[in-house]
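Undergrad: So that we are looking at the same thing, I have put the structure below in structure tokens.
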Amino acid sequence: MDGYKNKLDELVKLVVQQGASDLHIAEGRKPIVRVSGDLNPVLRYEPFDKKEVKEILYSMLPDSFKERFEKEQQIDFSYAHIDGTRFRGNGFVQQGKIGIVMRFIPKNIRTLKELNLPSILETFARKKQGFFLVVGPVGQGKSTTLASMIELINQERPEHIITIEDPVEYIYQPKKSIIDQREVGIDAASFHSALVSTFRQDVDVILVGEMRDRDTMSAAVTAAETGHLVFSTLHTNNASQTIDRIIDSFPADQQAQIRIQLSSSLLGIFSQRLVPRISGGLIPVYELLINNNAVSNLIREKRTHEIDTIIETGSESGMIDMNRNLADLVRRGEITAENAFINSTRPKVLEKMI
């Protein structure tokens with residue numbers, strides 16, 4: 001086992017040294033790291049065999065997780081290296097071969113300014129009640145954005161914050177706030193059960209790592225309605241799609257009720273993705289919907305398709321249009337026009353701006 005642990009130690013150091021975001025380990029393949037969005041094989045290693053990959057995976061898992069992996073052929077986990085470096089991991093089987101993907105979680109929680117994110121997000125962290133969503137494809141920095149907002153609350157005011165995650169990613173050090181972090185599968189059976197139990201835990205702020213099902217969505221909206229500040233994520237592309245996804249998750253006879261709840265409890269939706277920077281690295285591009293009377297009416301009246309227009313014309317009230325953000329970055333020489341079009345959900349509109 002020590003030999004496999006040593007290999008893992010070496011790879012962890014490599015990820016940190018190269019500033020990689022992800023590490024891929026699989027049978028029959030050299031390890032691969034993702035740096036600034038690009039996958040790079042680690043050439044000095046020979047391809048790993050089945051025993052090596054399995055031993056590396058099992059060196060990171062508690063016994064109960066090993067049993068679950070054997071049964072389900074996949075597992076989500078968090079891993080803290082001896083030097084404090086943390087990863088969010090997934091072990092899986094494909095065509096009979098074991099693979100591992102590990103996402104690097106920085107020790108320090110960066111500020112919104114350090115992340116190149118708009119300062120208006122601070123206003124949502126300073127709210128006392130409501131529902132705020134950060135959305136976008138997998139691996140686009142949603143968890144990092146929310147961690148920055150939670151840390152802002154932690155630094156500024158005394159609140160009881162509960163995070164519900166699968167697995168736990170950033171580790172918070174309590175400052176002005178009390179912070180309890182619950183991991184699904186270890187500390188709770190599911191997102192929904194953990195979320196429902198927060199109502200008996202004198203909580204002020206709730207972070208739901210991901211809304212995976214209707215019950216969790218319903219409980220999150222109810223929590224926001226009953227005096228809590230709730231943050232969560234969804235794998236959607238923009239604000240209007242996010243609202244439709246939530247509403248469409250409910251049976252037809254419940255959709256009118258969830259529309260009313262969402263129209264009143266929603267604070268905003270921040271959609272983001274990471275784009276290669278011309279000077280190297282990645283830079284976030286984003287859209288921000290702020291729930292006002294016009295947006296609330298559109299949600300209630302089944303006119304979510306008109307929300308894009310509200311965002312386009314809502315810059316004076318703080319809304320941010322994704323296409324305008326992309327066009328600004330192209331004009332400033334931060335990103336290429338090609339990457340702007342790749343990341344636009346409405347490229348024909350973007351074409352008129354560049």
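The values are calculated or read from the model by the stated rules, or taken from the named source; none is laboratory data. Note that this is a predicted model, so its numbers are computed, not measured. As a convention, Cβ positions derive from the backbone with ideal geometry for all residues, glycine included, and neighbour counts pool all protein chains shown.
Undergrad: Would you point out the residue of segment 166-188, among those that are closer than 23 Å to Phe104 by Cβ and of a type in the set (A, V, I, L, M), that is modelled with the lowest pLDDT?
TA: Among those residues, the one meeting the criterion is Ile186.
Undergrad: Considering segment 331-340 alone, what residues qualify as being part of a loop (DSSP other than H, G, I, E, B) and either polar (S, T, N, Q) or loosely packed, with under 13 Cβ neighbours inside 10 Å (or both)?
TA: Going residue by residue through segment 331-340, those that are part of a loop (DSSP other than H, G, I, E, B) are 332-336.
The answer is Arg332, Gly333, Thr336.
Undergrad: Additional query: I need the full set of residues from segment 248-269 which are closer than 24 Å to Glu312 by Cβ, assigned to a helix (DSSP H, G or I) and touching a residue at least 40 places away in the same chain (Cβ under 8 Å), in order please.
TA: Residues satisfying the conditions are Arg259, Leu262.
Undergrad: Inside segment 313-330, can you point out the residues that are surrounded by 13 or more Cβ atoms within 10 Å (Cβ to Cβ) and free of Cβ contacts under 8 Å to residues at least 24 places away in the same chain?
TA: Answer for segment 313-330, where residues must be surrounded by 13 or more Cβ atoms within 10 Å (Cβ to Cβ) and free of Cβ contacts under 8 Å to residues at least 24 places away in the same chain: just Asp328.
Undergrad: Can you tell me how many residues in segment 133-163 are in contact with a Ser or Thr (Cβ under 8 Å, 6 or more places away or on another chain) and β-branched (Val, Ile, Thr)?
TA: Of the residues in segment 133-163, 6 are in contact with a Ser or Thr (Cβ under 8 Å, 6 or more places away or on another chain) and β-branched (Val, Ile, Thr).
Undergrad: Can you tell me which residue within segment 73-92, out of those that are surrounded by fewer than 14 Cβ atoms within 10 Å (Cβ to Cβ) and hydrophobic (A, V, I, L, M, F, W, C), is farthest from Glu10 (Cα to Cα)?
TA: That would be Ala80.
Undergrad: Hey, another quick one. Looking at Ile206, Ile186, Ile247, Ile178, can you tell me which residue is under 15 Å from Phe132 (Cβ atoms) and either surrounded by fewer than 22 Cβ atoms within 10 Å (Cβ to Cβ) or assigned by TED's automatic domain parsing to the domain that holds Asn291 (or both)?
TA: Values: Ile186 fails: under 15 Å from Phe132 (Cβ atoms); Ile247 fails: under 15 Å from Phe132 (Cβ atoms); Ile178 fails: under 15 Å from Phe132 (Cβ atoms).
Just one listed residue meets the conditions, Ile206.
Undergrad: Hey, does segment 294-305 have a residue that's assigned by TED's automatic domain parsing to the domain that holds Leu133 and either in contact (Cβ under 8 Å) with a residue 60 or more places away in the chain or touching a Phe, Trp or Tyr at 6+ places or on another chain (Cβ under 6 Å) (or both)?
TA: Yes: segment 294-305 contains one or more residues that are assigned by TED's automatic domain parsing to the domain that holds Leu133 and either in contact (Cβ under 8 Å) with a residue 60 or more places away in the chain or touching a Phe, Trp or Tyr at 6+ places or on another chain (Cβ under 6 Å) (or both).
Undergrad: Among Thr111, Thr145, which is in a loop (DSSP other than H, G, I, E, B), of a type in the set (Ser, Thr, Tyr) and either assigned by TED's automatic domain parsing to the domain that holds Val285 or surrounded by fewer than 18 Cβ atoms within 10 Å (Cβ to Cβ) (or both)?
TA: Thr111
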